[in-house]
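The values are calculated or read from the model by the stated rules, or taken from the named source; none is laboratory data. Small disclaimer: the values here were computed from a predicted structure and weren't measured. Positions of Cβ are generated from backbone atoms using ideal geometry, with glycine treated the same way; all protein chains shown enter the neighbour counts.
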Amino acid sequence: QQQVKQSPQSLIVQKGGISIINCAYENTAFDYFPWYQQFPGKGPALLIAIRPDVSEKKEGRFTISFNKSAKQFSLHIMDSQPGDSATYFCAARSGTYKYIFGTGTRLKVLA
Amino acid sequence: DAGITQSPRHKVTETGTPVTLRCHQTENHRYMYWYRQDPGHGLRLIHYSYGVKDTDKGEVSDGYSVSRSKTEDFLLTLESATSSQTSVYFCAISEFGTANTGELFFGEGSRLTVL
């Protein structure tokens, strides 16, 4: 299966709270799992990425948790800020260029 | 920001007319992609290219064709536009090697409305 299932579709979080977005996949050939952030009217931009030999990766307030056995990975945004309000896409890649994207999560952080 | 320019950025056209979207990059990356973004579907790959004159179909290629005659340009053509092709189209590029990890860089998008 080539799908990447992303949830929730939308998320509202208070400023300072933790935002959590989840993704699940089936294809064990996927070997690279990026998260993209997209602001209105802009193209998606790489936020953070992980490979399956690592269970967690942290960059500032953003953390990816990866569970290889469950075929799931998630994005945690700590101390969420209004400037984090955007649409987030998870993705999975097999080979050098075949990316499959999740359906996106629209995050709104309330001030 | 990666040097990716999409044109036009906005276009309104009528059903049955041909439409060409252009993606121009200044990064000399081998791989170029066309995605469409629709609510509830995320980003879906239409076509991709792995070099000049080397292209292949993605998951939603019906009704679209592409051409790449130069490294820097990747054209997406709708031969006869339909209302179902109303969407936002994104071009992306990537490269692999010692200095590149295959990360996708996206353009700013082209919003197409087919009436």
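Within the range B:73-109, the set of residues being assigned to a loop (DSSP other than H, G, I, E, B), at negative phi and not hydroxyl-bearing (Ser, Thr, Tyr) comprises B:Glu79, B:Ala81, B:Glu95, B:Ala99, B:Glu103, B:Leu104, B:Gly107, B:Glu108. Exactly one residue out of B:Glu27, B:Glu14 is touching a residue at least 40 places away in the same chain (Cβ under 8 Å), more than 12 Å from chain A (Cβ to nearest Cβ), under 12 Å from B:Gly107 (Cβ atoms) and over 12 Å from the mean Cα position of the chain (by Cα): that is B:Glu27.
If you scan the range B:86-107, which residues turn out to be at pLDDT 95 or above and surrounded by fewer than 20 Cβ atoms within 10 Å (Cβ to Cβ)? Scanning the range B:86-107 gives B:Thr86, B:Val88. With respect to being within 11 Å of another protein chain (Cβ to nearest Cβ), out of contact with any strand residue (DSSP E or B) (no Cβ under 7 Å at 6 or more places or on another chain) and among the hydrophobic types (A, V, I, L, M, F, W, C), B:Phe96 fits the description.
Counting just the residues of the range A:23-50 that are farther than 13 Å from A:Arg93 by Cα and surrounded by fewer than 17 Cβ atoms within 10 Å (Cβ to Cβ), which one comes out farthest from the chain's Cα centre (by Cα)? Among them, the one singled out is A:Gly41. Among the residues of the range A:4-49, those that are out of contact with any Lys or Arg (no Cβ under 9 Å at 6 or more places or on another chain), within 10 Å of chain B (Cβ to nearest Cβ) and either among the β-branched types (Val, Ile, Thr) or touching a residue at least 12 places away in the same chain (Cβ under 8 Å) (or both) comprise A:Val4, A:Gln6, A:Tyr36, A:Gln38, A:Pro44, A:Leu46. With a requirement of 3 or more residues that are under 15 Å from A:Ala24 (Cα atoms), within 14 Å of chain B (Cβ to nearest Cβ) and under 13 Å from the mean Cα position of the chain (by Cα), the strands (runs of 3 or more DSSP E) lying completely within the range A:51-111 that satisfy it span A:86-94. Out of curiosity, is B:Tyr33 crowded, with 18+ Cβ neighbours inside 10 Å, part of a strand (DSSP E or B) and either more than 8 Å from every other protein chain (Cβ to nearest Cβ) or aromatic (Phe, Trp, Tyr) (or both)? Yes: the conditions hold for B:Tyr33. Only residues that are surrounded by 16 or more Cβ atoms within 10 Å (Cβ to Cβ) and in contact (Cβ under 8 Å) with a residue 40 or more places away in the chain were counted across the range A:52-77, and they come to 6.
The residue pairs whose first member lies in the range A:78-103 and is on the phi > 0 side of the Ramachandran plot and modelled with pLDDT under 95, whose second member is in a loop (DSSP other than H, G, I, E, B) and aliphatic (A, V, I, L, M), and whose beta carbons are closer than 8 Å, counting only pairs six or more residues apart or on different chains, are A:Gly95/A:Ala29. Apart from one condition, B:Leu21 fits all of (1) in contact (Cβ under 8 Å) with a residue 12 or more places away in the chain; (2) part of a loop (DSSP other than H, G, I, E, B); the exception is (2).
Is it fair to say B:Arg9 is charged (D, E, K, R), buried (at least 16 other Cβ atoms within 10 Å of the Cβ) and touching a residue at least 40 places away in the same chain (Cβ under 8 Å)? Spelling it out, it is not the case that B:Arg9 is charged (D, E, K, R), buried (at least 16 other Cβ atoms within 10 Å of the Cβ) and touching a residue at least 40 places away in the same chain (Cβ under 8 Å).
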